[in-house]
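Everything on this sheet refers to the single structure shown next.
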Amino acid sequence: MHVLRQGVHRASILSLVLYALALGAGIGLVTADYATRGGYPFGGVRVGAWTAWPKVGSVGADPYSRAVNARRGEIPLAVGEGMLLTAEQDESGRGLDATCTYRVAGVTPPARAWTVTVAGRGPRDSEAAPMREGFTATEILRETDGQFVITLSPEVQAGNWLPMPRAKGAVRLALRLYDTPVAASAGNLDRTSVPAITRTGCTP
């Protein structure tokens, strides 16, 4: 009887250990998935509506940033190549919504070249007409003072029109600066050096 009780006790302890290991592994997988599902969780420098990510392509990038890059299948810009800025909110702190129209206006930090693109389009539809996904520094229409205005909207607009994704939901903008001196000093940027993002209206 004593031996039987010892066996039952050991089995109970083993079951508890296995349960704890399984629970820890499950929580770890869920939290890792959550942390890498969206944007980079750490290392951002807030500049107006934008967040600069000066170190996501460096050799010292944190493990979460590397995991996000691997999940997206992207090769990030190294510090000597340029810098990425992303925006998920407008100037008022409201999330960018595919059903709304936004005015993206101003200038960019100094760079040899830059691109601005909209993410969140989901999988490509082979039967749908191709849509513009972004602008480059060489094709943007500018004002006489060098500033530009991009209209991000689900409806066709005059000028620099960037179509919203067809699917409703959250939207993210990405501004990539190539060969820019600010890559090593992102903390010195101010909100007047990046385009302002202003909501002008929404459709039901």
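Every number here is computed from the coordinates shown, using simple stated rules; none is lab data. None of the values given here were measured: they were computed from a predicted structure. Heads up, the Cβs are rebuilt from the backbone with ideal geometry, glycines too, and the neighbour counts pull from every protein chain shown.
Each of Ser153, Ser92 was scored by other Cβ atoms within 10 Å of its Cβ. Arranged with the fewest first, they read Ser92, Ser153. Amide H to amide H, with H built 1.01 Å from N, Gln89 comes under 5 Å of Leu96, counting only residues 5 or more places away or on other chains. Both numbers refer to the Cα atoms of the stretch 129-204; Rg and Dmax are 14.5, 43 Å. 3J(HN,Hα) couplings calculated from phi for the stretch 170-181 with the Karplus curve 6.51 cos²θ - 1.76 cosθ + 1.60 (θ = phi - 60°) are, in sequence order, 6, 10, 10, 9, 10, 10, 10, 9, 10, 6, 10, x Hz; Gly and Pro show x. Of the peptides 142-148, 112-118, 173-179, the ranking by mean beta-carbon count within 10 Å, highest at the top, reads 173-179, 112-118, 142-148. Under the simplified labelling scheme, the Asp179-Met131 pair shows an inter-label distance of 3.3 nm, with each label point 7 Å from Cα along Cα→Cβ.
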